[in-house]
Structure formats: C-alpha cells, structure tokens
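Working notes for the structure below.
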Amino acid sequence: MTEPSPASVDVVLPCLDEATALPWVLARIPAGWRAIVVDNGSSDGSAGIAAARGATVVREPRRGFGAACHAGLEAATAEIVCFCDCDGSLDPGLLAALVREVAQGRADLMLGRRRPTRPGVWPVHARAGNLALSRMLYRRTGLRLLDLGPMRAARREALVGLRLTDRRNGYPLEMVVRAADAGWRVREADVPYLARHGKSKVTGTWRGTWQAVRDMRSVLAVPPPGTGRAGVR
C-alpha cells in the first residue's frame, strides 16, 4: 500500500463543548475521510453541530480525554486512524502528510510537533509541562521527542493491539510509551499551532497542566515489559 484511499482513514475528534470550533475543524477534514466526533458530555450542542455537518457522532459519558479518544478508536473501522483536537488549534487538513508517512511504511506512529504561529498561543506553563514529560519519556524509553501533541496517525489494528488502559490525560503519552516498548518507529513532523477557540480544559491553567503531568507520570511509572522496575520516580 503506497497511498491510502480516501475511505481508508478515520479521524477521531474528542469533543467537550467545542461548538464554536467544530464548523472550522470539520470543513478541513480531507475529502473522503470520516470524521468521528466523540462527545464527552458537551452542553453547548456540539453533537448536533457535528451531526449536521456529516460527522459520525459517538457519545462517551465517562469524562476524560482518554475515554473520548479510546471510544473513537473503538468506533473507527478504517485502516488508518488519526487523532486531532477539535478546538481549532490544529488544522486536520495537515493530517494528510502524517498519514502518508504511515501508509508508505516510513513510520508506525506519526506525531504532529506543534509550532506556535504567534506569541501566547502555547502558554509557558504548558510548554514547561511538555518539556518535562519529553525528558521523562526519554528516560523511560530512550525515545527523543520534542512534543507530545494530540495530532497523530497510525494503523488501527496496531493501535488496538497496544491495549491502552488510561482514560484520562495520560492516554496520548501511554500510546507513545507502549509504541516505543513494542519497537514502533515513532516520528514527528512540524505542524502550525493556532490560537484555540475558547479556554483549554487542560493546559489553560497551571493546575490543569500539572494534573495532566501527574496523570502522565503514572503512565511513565509502569515498567517496560519483562522488567520489575518502575521507569520514572
């Protein structure tokens, strides 16, 4: 397989009160791909907006970023599955380049490495948390990454095989850790990081950022397969 057919890609969009951003995001899904909007308890009509614009809507009542992402993965049927925030901070049209690397066999997991388009887009505390986690990831797996961002692409069957268990903010990191443990080729590609619509539920505050870091530290504390030691203390 050298190029994915349009029908072979599903895009999982975890959603919690993103009514203002959804029209922009859904309009940028590559033609022929399926958008799966996972409503995680929105009260602003996000699910109805997504359905009206042709997206498949999955309702996940258990609150948590990981719960929403995994519900989307379980609902996906395409050969390649992508993940992207639906707050307007990332252009899902850029997923095509990530998918190409996976489809052509140059990577098993492609990550979008965020590059802010202007000052203030990526708060200092969020960057600090991301940097700390990148260093912890290297200590745990030996994998050097500059970002642990939410935009990514991989083959669905392989993702399901990772048997991810985190249902909170540790889900994206657990995906990378388990992929590294399994010997996957994990690569990054730069993507513009835009001003999001509304306030972030996680990185909008120091408290939210460090709660996410705490969740992710728990993921990193799980020892590699075949060992009895924790990876990070």
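The values are calculated or read from the model by the stated rules, or taken from the named source; none is laboratory data. Quantities reported herein were computed from a predicted structural model and do not represent experimental measurements. Quick reminder, even Gly has a Cβ in these numbers, built from the backbone with ideal geometry, and neighbours come from all protein chains shown. The accessibility values were calculated without ligands, DNA or RNA, using every heavy atom of the protein model including side chains. Shrake-Rupley method; radii C 1.70, N 1.55, O 1.52, S 1.80 Å.
Worth pointing out:
- Flag if ARG114 is out of contact with any Cys (no Cβ under 6 Å at 6 or more places or on another chain) and either surrounded by 17 or more Cβ atoms within 10 Å (Cβ to Cβ) or polar (S, T, N, Q) (or both): yes
- Where strands (runs of 3 or more DSSP E) fall wholly inside segment 11-124, no range has 3 or more residues that are under 14 Å from ARG196 (Cβ atoms) and touching a residue at least 12 places away in the same chain (Cβ under 8 Å).
- The set of residues in segment 168-180 being open to solvent by less than 60 Å² (accessible area, probe 1.4 Å) and of a type outside the set (Phe, Trp, Tyr) consists of ASN169, GLY170, PRO172, LEU173, GLU174, MET175, VAL176, VAL177, ALA179, ALA180.
- Boolean, LEU173 is modelled with pLDDT of 80 or more and closer than 21 Å to VAL99 by Cβ: no
- Some residue of segment 133-142 being open to solvent by less than 20 Å² (accessible area, probe 1.4 Å) and not in a helix (DSSP H, G or I): no
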